[in-house]
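Student: The structure's right below; bear with me while I get my questions together.
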Amino acid sequence: MRPFNQMYRGFALALALGLGMAMAGGTITWAEEQDGGVPGDWLSRYGSARSTGVGGAFVAVADEPLGVVWNPAGFSQMFQNAVHVETIRLFEGTSVDCLSFAMPGRQIPSFGLTVLSLRSGDFEKTNDLNESLGTFSEGDMAFLFSAAKNLSSSLALGANVKIVRQTVDVFSASGVGMDVGVLYNVTPSVRVGASLINLGGPTLTLRNVDEKYPMESRVGVSAQVLGGRGLITAEVDHRPGPGISIHAGSEYWVHPTLALRFGLSDVSPTGGASFRVTPSTRLDYGMSNNELGVTHRIGLTYEFGGFFASSEATPPVFSPIGEQSVTKFNLKARAKTDISTWSLEIVDKSSQVVRRFSGKGVPPAHVMWDGKSEVGLPLPDGIYRYSLVVTDQEGREITGRVRTVEITTAGPQGAVPVVLD
């Protein structure tokens, strides 16, 4: 009952904070009842493939390089270096492209760099007599230099320094602003996040009029469910002009290589999926529907180095009564602080733990398994899953890739040739 009460308090806290920040910013109005055209709207309303899939409710998740757009504290939760590229095709030739990199830190803060570029299609240019003078286009770029730091196992802070440049025809302008964010783990599975976007700008002057990006507040909560395979997330945003917008969504890994997502951004449905091409490469897809139609987003993430937990059985198929009577699990791990404990669990097809190795400190280079259960009984033939989990001294848990190992006591099989005269 206690985890449920804590999760309920987390949702209530997020909702209260969101409404409080919205009322502090002015009159509460629903986003779809307002006109567009707010300076910096393209960046404030930007949605990545993954965030779009969960309805844009990403401020309490943000655990990827591009997550700094929602909450710069988010990528402090990452364990591996990551590069993310993404492209969005909108309407009338408009597109948004992104390149993002994040490097989690151990003693020093985590650092990241994100570049977003918007290019419009061509617009007709005319004079006072409505005579055509050719065409022109609009372009916007944003550079986000990010840093985040875990103050404890539960609390993380982050900030972006944002440089924005806009070009319309022959006119151009640049400005600088800042974003700040916070993440707090209410429980190991429930997290509250909040951010303030566009603190002190940017302010751009294309000709004679200053256009300042309005400050935006975001607050939300996320909860991991179903043993970490599922995610439920909700968020409340407020911007001067458009007003309040509400986002919610879910994510479920139906298989270690495939995730499905569904969300609601205000009243518009969204969806998406992820496919893990390799253990270090993930392909994301997101889809949303609005007044102008359906838009599609595609992203690719590559992870490397950083902090990890790795285990691999050699050989992956063995026979306790054969020549290969045991298998050796090679173990490797690196955490943000010193490793406190480690465990390697082997589970059967019913997800029941049949054998567990564990200890304190850094895991050994390898452990041997003879195919027997915890009580020393031989296990039946079949395929078993295993994964290494390490916990550092600040309570952060790193779970390695799930792999399989097979026990077989059957003898070699083959075909006996029959010769007919």
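The values are calculated or read from the model by the stated rules, or taken from the named source; none is laboratory data. Bear in mind that the values here come from a model prediction, so they are computed numbers and not experimental data. Quick reminder, even Gly has a Cβ in these numbers, built from the backbone with ideal geometry, and neighbours come from all protein chains shown.
Student: Taking the criterion of being in contact with a Leu (Cβ under 8 Å, 6 or more places away or on another chain), outside any strand (DSSP E or B), at pLDDT below 90 and hydroxyl-bearing (S, T, Y), would at least one residue in segment 85-107 satisfy it?
Tutor: Yes, that holds for at least one residue.
Student: Can you spot a residue in segment 333-347 that is within 26 Å of the chain's Cα centre (by Cα), under 21 Å from P256 (Cα atoms), modelled with pLDDT under 90 and not assigned by TED's automatic domain parsing to the domain that holds L258?
Tutor: Within segment 333-347, one or more residues are within 26 Å of the chain's Cα centre (by Cα), under 21 Å from P256 (Cα atoms), modelled with pLDDT under 90 and not assigned by TED's automatic domain parsing to the domain that holds L258.
Student: Then there's this: Of these, S44, S95, which one is in contact with a strand residue (DSSP E or B) (Cβ under 7 Å, 6 or more places away or on another chain), small (G, A, S), over 29 Å from R334 (Cβ atoms) and free of Cβ contacts under 8 Å to residues at least 40 places away in the same chain?
Tutor: On the way: S44 fails: free of Cβ contacts under 8 Å to residues at least 40 places away in the same chain.
Within the list S44, S95, the selection yields S95.
Student: Anything in segment 167-184 that is modelled with pLDDT under 85, out of contact with any Gly (no Cβ under 7 Å at 6 or more places or on another chain) and polar (S, T, N, Q)? List them, or say none.
Tutor: S172 - this is the single residue of segment 167-184 that is modelled with pLDDT under 85, out of contact with any Gly (no Cβ under 7 Å at 6 or more places or on another chain) and polar (S, T, N, Q).
Student: Which one is nearest to the chain's Cα centre (by Cα) among residues in segment 197-238 that are under 30 Å from S172 (Cα atoms) and without any contact (Cβ under 8 Å) to a residue 12 or more places away in the chain?
Tutor: Among them, the one singled out is D210.
Student: Over 30 Å from A410 (Cα atoms), at pLDDT 90 or above and among the β-branched types (V, I, T) - does that describe any residue in segment 291-301?
Tutor: Yes.
Student: Tell me the residue from P364, P380 that is touching a Leu at 6+ places or on another chain (Cβ under 8 Å), at pLDDT below 95 and not in a strand (DSSP E or B), please.
Tutor: Sole residue among the options that is touching a Leu at 6+ places or on another chain (Cβ under 8 Å), at pLDDT below 95 and not in a strand (DSSP E or B): P364.
Student: In segment 270-285, which residue that is assigned to a strand (DSSP E or B) and touching a residue at least 60 places away in the same chain (Cβ under 8 Å) is farthest from F308 (Cα to Cα)?
Tutor: That would be T270.
Student: Can you pull out every residue in segment 200-241 that is among the acidic types (D, E) and within 15 Å of D41 (Cβ to Cβ)?
Tutor: E211, E216, D237
Student: Moving on to the next point. Does E323 qualify as being without any contact (Cβ under 8 Å) to a residue 12 or more places away in the chain and part of a loop (DSSP other than H, G, I, E, B)?
Tutor: Considered against the rule, which asks whether it is without any contact (Cβ under 8 Å) to a residue 12 or more places away in the chain and part of a loop (DSSP other than H, G, I, E, B), E323 comes out as yes.
Student: Oh, and also: On the basis of being small (G, A, S), part of a loop (DSSP other than H, G, I, E, B), surrounded by fewer than 15 Cβ atoms within 10 Å (Cβ to Cβ) and not assigned by TED's automatic domain parsing to the domain that holds Q107, does G359 make the cut?
Tutor: Criteria not met by G359.
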